[in-house]
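Following: one structure in structure tokens, then a few remarks.
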Amino acid sequence: MNRKARLCSLAFAALVLGACDGPEGPEGPAGPAGAPGPDGSQGDKGDPGANGDAGAKGDPGSEGDAGRNGTSGLNAGQTRGLAVALQVSAPANGTHFVAGEQATITITLADERGLPVELTKLARARLMVAGPMDATKTKAAIALMKVSGDYAASEHHYVDLQKSTSPNLVVKGNVITYRLEPVTSEDPGTYLVGLWAGSKDYPLDQAFPIKEIQIGTSVPETQVTDKSKCAACHQGAANGRFYFAHIDPGYFPVGDWSLDSDAIRTCKLCHNTAGYATICKTPGATPCDATNRLVDPIMRRVHGVHRGKGLKNPFNVDPTTGDFRAYSHVVFPADLRLCTKCHTNDAWKNKPRRDACGTCHDNVDFAAGTISPPRVLGTPKAGKCTTSASCATDWPRYASAATCNVATGACELGKHMGGVAADSTCATCHTADDSGPSPIPARHGITPLPVGQTAELSFASPPANGSYFVAGEKPKLKVVLKNRATPAAIVDPATWTMANVGSFRLFVHGPRSFENPVLTFPALGTAAIRAAATGGVQPYNLSAAVDLQVAIDGGAPLTIPVAAGTFANRALATAAEVATWLNADAAFKLVARASTSGTRVVIKSNAKGTTSTVEVLASTAASPLGFAIGKNVPTMTGAYVFSDLRIQSDPVDEDPWLTRVPGAAGYAEYQLADVASLKPGTYSATAYVQLAGKTGSWAKLVFQVGTAKAQELVATNCADCHESTRMHVSYLGDLPFEPDFCHSCHDYQQQILGQSGWGQNNNGFGAGPFSRRIHGVHFGRYLDKPLEIHPTYGPVYAELVFPQDVRHCPKCHAKTDTWKKTPSRLSCLGCHDSDAAIAHGTLNTIDPTPAQPYSGDEHESCSACHDDGRAFSATKTHDISSPYVPPYPREPAK
């Protein structure tokens with residue numbers, strides 16, 4: 001309280017007490033402080049003060065727990081992939097499990113980057129165990145797996161790792177273990193343990209790892225076949241996938257390639273004598289329930305599929321219900337009797353069984369001892385049979401059982417010669433050696449071709465530089481004909497007559513990049529043709545004829561009197577008598593030549609080339625001889641360019657560049673033309689010889705022109721599937737499966753003018769442009785125009801399904817990359833034969849000579865879009881590996 005306030009207080013007190021009023025005295029001393037008064041109200045907030053200085057940095061805190069790894073991103077079209085590791089615990093003795101032991105299976109799921117994959121991320125995870133390896137004994141090990149063997153159960157013959165409640169199953173993250181039950185009475189042998197797995201999010205991410213274990217024996221079993229045999233035809237050259245039934249779209253639903261990934265081991269886990277895979281006992285029955293099922297072991301399935309077109313039993317081939325109806329068009333590309341094509345051991349001949357042999361010989365009822373439908377033996381050599389007795393001569397082995405089908409005139413076998421049979425009795429007749437009445441090696445033996453003679457080709461004048469011919473050089477070929485029975489015996493060229501040798505042809509073609517006839521006299525073109533007129537069929541009635549009048553090469557008419565000829569009976573004159581009569585006329589012989597062609601007479605001009613003519617004039621003998629009145633000009637009647645090495649019946653037909661050197665060491669020499677006009681590359685000379693009653697034999701000589709570097713064959717690997725089987729075997733004989741030989745006839749040079757349409761047989765290009773023919777044949781089932789591949793055999797090729805994805809170009813083009821670097825109409829339109837594709841190829845081609853669409857003067861623009869690296873290159877449109885692409889539906893409806 002301030003001083004003035006205190007004074008006022010004192011004065012007031014004085015008035016109250018005494019009401020005295022005196023003068024103000026001096027200020028007294030301050031009194032004691034009074035008690036504090038109550039706080040006043042809060043004042044306004046002041047401005048914030050300035051920040052103080054930063055404090056010292058504290059010590060770092062302790063490290064926190066690690067976070068979870070993230071998932072790497074995926075590129076467009078990329079999937080995680082699926083990698084499955086499968087391991088089986090080792091048996092106590094280190095080699096095989098014995099009674100009482102339990103094997104533990106450990107499965108680790110991951111993607112291709114090693115990141116874990118949970119079991120819940122799989123669309124399927126089936127664990128299967130089957131054995132032993134012997135296909136006649138293989139069955140699902142249901143006791144070891146402790147699963148149902150009842151086909152009526154929803155799950156049977158496998159462990160569903162996602163649904164199983166078995167205490168044997170333990171799942172920890174991406175690691176799964178399954179403990180098998182103790183070994184008891186399982187047959188000793190090699191067993192298969194496999195896991196069929198597929199991703200839920202990425203259906204094409206699949207896996208099927210397999211391990212082999214031994215039960216009851218330490219000796220591993222050998223399979224009758226393995227995937228190396230299957231791979232020859234069925235493994236994709238680009239992506240390594242095996243192309244069997246399950247890979248096709250519609251199965252899960254993009255196709256399940258993993259089911260066939262380790263043929264034939266993956267197959268046997270389902271297809272065995274008591275396994276998951278079954279067929280309907282009664283075809284077409286609905287539903288195909290447990291009481292209507294038969295097991296479908298792998299030996300039955302594989303044999304039946306590859307027998308295909310040869311199956312006969314309605315159970316298999318009925319077009320509606322047949323079990324193998326989808327394969328009834330299949331023709332095994334090799335000879336089906338060649339069991340070693342697929343088999344890796346001798347079980348095919350050492351272990352005959354009804355279930356194995358009966359899958360191919362499916363018309364044999366072993367229980368009844370009958371064959372239905374009967375096996376057709378053929379028509380007897382003497383002609384159609386009329387009684388069963390007439391079959392015994394040609395088929396003495398079946399004399400007691402062969403019968404005559406009077407309606408067809410063919411002999412048939414309707415009884416199994418072994419009668420009612422059991423597995424234990426098969427080997428009694430069907431022995432592994434030649435001791436039995438019907439030994440397997442003999443029945444499956446492939447009879448060698450009856451080749452009588454063979455040719456050898458060499459150069460009488462090799463290239464001067466020792467490596468390749470150059471401009472200015474004229475190669476000279478040496479041809480030797482030898483007897484196949486006694487290879488050292490040379491056949492005297494003086495005996496190379498048309499009567500002794502059915503065919504002896506020399507072809508020269510090249511280069512390998514685009515083969516055409518070259519260097520021979522016939523290859524020069526029209527100089528080899530001549531005009532001809534062909535008469536009617538003998539006998540000829542010349543009793544009223546006076547003469548025949550002809551004009552050759554535009555010359556004056558010639559009159560040949562009938563009276564000048566010699567005929568045993570002029571009313572029944574033969575073709576040979578007429579030819580002799582005409583050739584005896586000196587004036588005629590100077591300009592023409594008469595010969596016989598079967599029972600007909602042929603008149604040919606002695607001049608060759610497009611200007612030669614044979615004109616038959618109106619005369620009394622013309623009509624009886626069957627000649628048409630008028631002028632005949634040269635026409636090319638053959639589609640093949642070759643030099644005939646035989647001694648010609650008509651000397652005018654002799655090749656002027658051919659020289660024969662007769663004698664016991666004789667040979668022929670053929671002088672080829674100068675190589676100056678040829679492109680550098682690899683060329684080939686081939687020779688084909690065929691005797692009456694024999695099949696043909698082939699020889700080849702490869703040579704270089706303009707370069708020492710040999711061109712690789714554009715296509716190879718034919719024998720992978722076809723082995724030694726080939727087209728034309730009945731007459732072309734031992735023709736090797738090499739394009740050099742095929743191009744002898746299937747070249748690219750038009751021979752028959754006016755024939756260039758796809759629908760015309762041979763098309764004027766040898767026997768049809770080779771690349772179009774070969775592509776079309778192997779894509780037959782999917783072609784729009786199979787008759788344009790071949791107008792006669794097109795329907796046959798239309799049934800052909802390539803045994804893998806046909807986009808695997810390296811399967812055949814293993815040594816060259818021409819398939820992706822040199823696109824062309826000819827090869828590409830072999831498969832892409834729709835109207836739109838053909839129009840596309842035509843619109844992008846300039847052809848100055850459209851009547852000859854492959855003469856070599858065409859300008860194709862295919863490379864602009866389809867060359868390697870271009871937007872629509874074959875490497876892109878045919879890329880089925882990065883990423884993997886499922887095949888097209890390989891069994892389309894027809």
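Do the alpha carbons of any pairs in Lys172/Lys200; Lys341/Lys811; Lys139/Lys415 sit beyond 22 Å of each other, and which pairs? Correct reply: Lys139/Lys415. Backbone amide hydrogens, once placed in the peptide plane, bring Gly275 within less than 5 Å of Ala140, Asp296, excluding anything fewer than 5 places away on its chain. By the equivalent-ellipsoid construction on the alpha carbon gyration tensor, the stretch 54-209 comes out with semi-axes of 41, 20, 14 Å, ordered largest to smallest. To make sure I understand the rule: partners must be aspartates and glutamates, Cα under 13 Å from the Cα of Lys476, and not fewer than 8 residues away in the same chain. Which ones qualify? In chain and number order, the partners are Glu669, Asp674.
From the alpha carbon centroid of the stretch 816-876 to that of the stretch 533-595 is 54 Å. Amide H contacts under 5 Å for Gly378: Cys411, restricted to partners 5 or more places along the chain or on a different chain, H placed in the peptide plane at 1.01 Å from N.
A simple charge model with +1 on the Cβ of Lys and Arg, -1 on the Cβ of Asp and Glu and nothing else charged puts the dipole of the stretch 770-837 at about 340 debye relative to its Cα centre.
Which of rounded, prolate, oblate describes the stretch 819-894, given a ≥ b ≥ c as roots of the alpha-carbon gyration tensor eigenvalues and a/c under 1.5 marking rounded, otherwise prolate only if a/b is larger than b/c? Oblate is the answer for the stretch 819-894, as a/c is 1.5 or above yet b/c matches or exceeds a/b.
Under 28 Å of direct C-alpha separation, and excluding same-chain neighbours fewer than eight residues apart, Lys474 reaches these lysines: Lys482, Lys608, Lys679, Lys700, Lys709. Farthest toward the positive end of the dipole of the chain, out of Thr177, Gly194, Ala676, is the Cα of Ala676, where the dipole comes from beta carbon charges about the Cα centre.
Under a 5 Å amide H cut-off, with hydrogens placed 1.01 Å from N, Asp248 pairs with Asp256 among residues at least 5 apart or on other chains. Tell me, what does the Kirkwood hydrodynamic radius of the stretch 511-643 come to in angstroms if you use every pair of distinct C-alpha atoms? When all Cα pairs of the stretch 511-643 are included, the Kirkwood radius is 15.7 Å.
Sorting 191-201, 589-599, 74-84 by their mean Cβ neighbour count within 10 Å, with the most densely packed peptide first, gives 191-201, 589-599, 74-84. For a straight C-alpha distance cut-off of 20 angstrom, the aspartates and glutamates reachable from Lys589 (same-chain residues fewer than eight places away being disregarded) are Asp547, Asp553, Glu577, Glu615, Asp650, Asp653, Glu654, Asp655. Using just its DSSP H runs of length 4 or more, each adding -39500 (n - 2.57), the chain gives a mean residue ellipticity at 222 nm of -3500 deg cm²/dmol after division by all residues. Couplings 3J(HN,Hα) of the stretch 284-294, computed from phi: x, 5, 10, x, 8, 7, 4, 7, 10, 10, 10 Hz, in residue order, whole Hz [Karplus 6.51 cos²θ - 1.76 cosθ + 1.60, θ = phi - 60°; x for Gly and Pro].
Selection among Thr138, Thr386, Val364 by position relative to the dipole of the chain gives Thr386 as farthest towards the positive end (Cβ unit charges, Cα centre).
Seen through its C-alpha gyration tensor, with square-root eigenvalues sorted a ≥ b ≥ c, the stretch 177-320 comes out rounded because a/c lies under 1.5. Spatial offset of the stretch 642-718 relative to the stretch 392-442 amounts to 46 Å, using the alpha carbon center of each.
Relative to the Cα centre, the charge distribution of the chain, modelled as +1 at Lys and Arg Cβ and -1 at Asp and Glu Cβ, gives a dipole magnitude of about 2360 debye. Modelled this way, with points 7 Å down the Cα-to-C-beta line, the labels at Asp150 and Ala33 are 10.3 nm from one another. Calculated accessible area for the chain comes out at 51 Å² per residue, all protein chains present (probe 1.4 Å; ligands, DNA, RNA ignored). In sequence order, the stretch 678-690 has phi-based couplings of 8, 6, x, x, 9, 10, 9, 10, 10, 10, 10, 10, 8 Hz under the Karplus curve 6.51 cos²θ - 1.76 cosθ + 1.60, θ = phi - 60°, and Gly or Pro positions carry x. For the stretch 366-496, treating each Cα as an identical point scatterer without solvent, what Debye log10 I(q)/I(0) comes out at q = 0.15, 0.18 1/Å? Treating every Cα as an identical point scatterer, log10 I(q)/I(0) equals -0.87, -1.06. Classified by the C-alpha gyration tensor, the stretch 503-561 has a prolate form. Its axis ratio a/c, with a ≥ b ≥ c, is 1.5 or above, and a/b is larger than b/c. 3J(HN,Hα) couplings calculated from phi for the stretch 649-657 with the Karplus curve 6.51 cos²θ - 1.76 cosθ + 1.60 (θ = phi - 60°) are, in sequence order, 5, 10, x, 5, 7, 5, 6, x, 9 Hz; Gly and Pro show x. Calculated from the alpha-carbon coordinates, the chain shows an Rg and a Dmax of 45.7, 205 Å respectively. If you take the Cα centroid of the stretch 328-369 and the Cα centroid of the stretch 177-195, the two points sit 30 Å apart.
The values are calculated or read from the model by the stated rules, or taken from the named source; none is laboratory data. All of these numbers come straight from a predicted model, not from anything done at the bench. Virtual Cβ from ideal backbone geometry, glycine too; neighbours counted across all protein chains shown. Ligands, DNA and RNA are stripped out before the accessible areas are found, and what is left, the full protein with its side chains, is counted by its heavy atoms. Shrake-Rupley method; radii C 1.70, N 1.55, O 1.52, S 1.80 Å.
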